[in-house]
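Each reported figure results from applying straightforward, stated rules to the coordinates on display, with no laboratory input. None of the values given here were measured: they were computed from a predicted structure. A quick note on method: Cβ atoms are made from the backbone with ideal geometry, for glycine too, and the neighbour counts reach across all protein chains shown.
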Amino acid sequence: MRQVEALLRADPAVEQVERRTQDYGLDITRAGSKGTFFLDNLYADTRELPPEERVQLIQRYLRALWQESPDTLPWEQARELLLPVLRASTFGMSLMKKAEADREMVGRRTLPFLRELLVLDLPESAMFVQRRHLETWGVSEDDAFTAAHANLARLPDEGVELYDEEHGPLWTVETRDTYETSRLLRPGFLASFAGRVEGRPVAILPERSTLLIGGDARPELVARLSESAEREYAAASRCLTPALYTVDDAGRVVPYVHPGQDALAHRVRLAHVRLALAEYNSQKEALDALHQEQEVDLFVASYSATARKRDEFPISWCVWSHDVDALLPEADMVAVSPEAGGEDFFTVPWREVRRIAGDCLTPVPELWPPRYRTTAKPTPEVVEQLRAAQVTFEDFQEP
């Protein structure tokens with residue numbers, strides 16, 4: 001932080017620099033304009049760099065702060081700079097209590113636990129498009145996404161190269177334009193690797209600039225992709241997903257499910273569960289903070305996971321206590337607690353809970369990952385139907 005402060009104070013246009021007490025950042029007044037510079041990403045990007053490179057990167061971050069705001073760009077210019085990017089579903093959610101509605105980032109849901117956001121590709125950085133920008137430009141969300149995807153289609157594919165052929169061809173996307181993983185949003189991109197890989201194309205994108213594509217014909221390559229995704233997701237400062245993805249019969253990108261019930265199939269499934277755990281936990285933290293600030297008494301239920309004892313099959317679950325106003329995550333199993341403070345729990349598959357007690361649960365459309373509010377207490381008859389549908393973790397079967 002001291003190095004950043006020194007560089008800021010050396011700028012004659014900077015009038016004031018103050019450290020923030022609630023988070024890791026600086027409040028800056030420059031040329032009469034006030035702003036906040038959060039330092040978490042900068043620290044992650046520079047902590048292992050030698051001093052000279054560290055200074056250069058800090059200076060680049062600072063130049064990005066001073067560059068032209070998208071607020072001043074007319075639509076005719078902005079539309080040529082728009083691009084879509086993939087981010088985790090809760091990206092930016094920790095700021096929700098501070099943000100006004102018109103400053104919400106423009107985005108849409110793509111894959112489970114991921115979102116497609118819009119950025120302006122400016123010379124020094126990419127700036128996220130907010131709803132107020134659409135109002136200024138006088139365009140709809142669909143118009144903005146259409147323009148972004150037209151620009152994405154024009155990005156060159158130089159850097160899409162064969163990485164190696166151990167256990168089958170493995171391709172890497174190293175375009176070095178920071179939009180490597182965005183290419184997965186291009187219709188037909190992943191499907192185009194059919195014939196270049198063995199089996200169905202399978203992609204990993206553990207962090208924002210890494211995209212590897214292989215095939216699922218050989219379990220050894222699927223295991224290699226799984227290991228790489230897990231390792232790089234855990235190590236990355238800007239992680240994206242530890243899961244594997246493929247295409248359906250229509251060529252659309254979908255979560256990859258390895259056939260069978262062996263250890264590799266369970267490992268592939270576990271990566272999707274880990275992503276869900278990370279995103280639901282982040283969402284819970286943000287919602288708890290928001291509810292505390294707004295003095296809202298609403299319980300945000302945890303998303304948990306376990307492994308079936310007989311074969312290590314991953315199963316997610318949550319708890320529904322009928323005496324609590326709660327937001328339930330969408331899990332494989334629900335531990336139902338009919339009595340207030342009681343210990344009479346029994347587990348029911350989520351699909352059965354929705355079928356039997358769906359009138360008691362209301363989807364909250366603005367939440368992603370999805371949650372359901374417990375808007376009514378089940379009648380004794382419904383509780384008995386739930387009890388009759390109970391299944392142990394050991395007997396749980398995927399739909």
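Report, in degrees rounded to the nearest 10, the 0 to 90 angle that the Cα long axis of helix 51-66 makes with the longest principal axis of the chain. So the inclination is approximately 90 degrees.
Charge tally for residue 213 (other residues, Cβ to Cβ under 15 Å; Lys, Arg +1; Asp, Glu -1): -4. Of the beta bridges in the chain, as assigned by DSSP with both residues counted there, near 85 percent are antiparallel. A value for Kirkwood radius over Cα pairs in Å was derived from the coordinates, and within the list (i) 21.4; (ii) 22.6; (iii) 23.7 it appears as (iii). Here is how the number arises for the chain: DSSP H runs of 4 or more residues each give -39500 (n - 2.57), the sum is divided by the residue count, and the result at 222 nm is -9500 deg cm²/dmol. The convex hull around the C-alpha trace of segment 279-395, projected and averaged over every direction, spans 7.6 square nanometres.
Helix 263-294 and the longest principal axis of the Cα set of the chain meet at an angle near 70°. Among beta bridges identified by DSSP and lying wholly in segment 302-399, the antiparallel ones come to about 75 percent.
When only Cα pairs below 8 angstrom with a gap of at least 6 residues are kept, segment 201-304 shows a relative contact order of 21 percent. Give, as a single signed number, the net charge of other residues whose beta carbon lies under 15 Å from the beta carbon of residue 84, with Lys and Arg counted +1 and Asp and Glu -1. Taking every Cβ under 15 Å from that of residue 84, the sum is +1. Computed over segment 321-370, the P(r) tail beyond 16 angstrom holds 43 percent of alpha carbon pairs. GNM on the chain, alpha-carbon springs under 10 angstrom: the most fluctuating residue among 14, 382, 119 is 14. Listed by Cβ neighbour count within 10 Å, with the fewest neighbours leading, 133, 167, 272 appear as 167, 272, 133.
Per-residue Cβ neighbour counts within 10 Å put 333, 105 in the sequence 105, 333, beginning with the fewest. I need the shape label for segment 177-242. Rule: rounded when a/c is under 1.5, else prolate if a/b > b/c, else oblate, with a, b, c from the alpha carbon gyration tensor. It comes out oblate by the Cα gyration axes.
Residues 374, 241 in ascending order of nearby Cβ atoms (within 10 Å, fewest first): 374, 241. With a 10 Å cut-off between alpha carbons and a GNM built on the chain, which of 161, 52, 135 moves the most? Among 161, 52, 135, the largest mean-square fluctuation in the Gaussian network model of the chain belongs to 52.
To the nearest ten degrees, helix 219-235 and the longest principal axis of the Cα atoms of the chain are 60 degrees apart.
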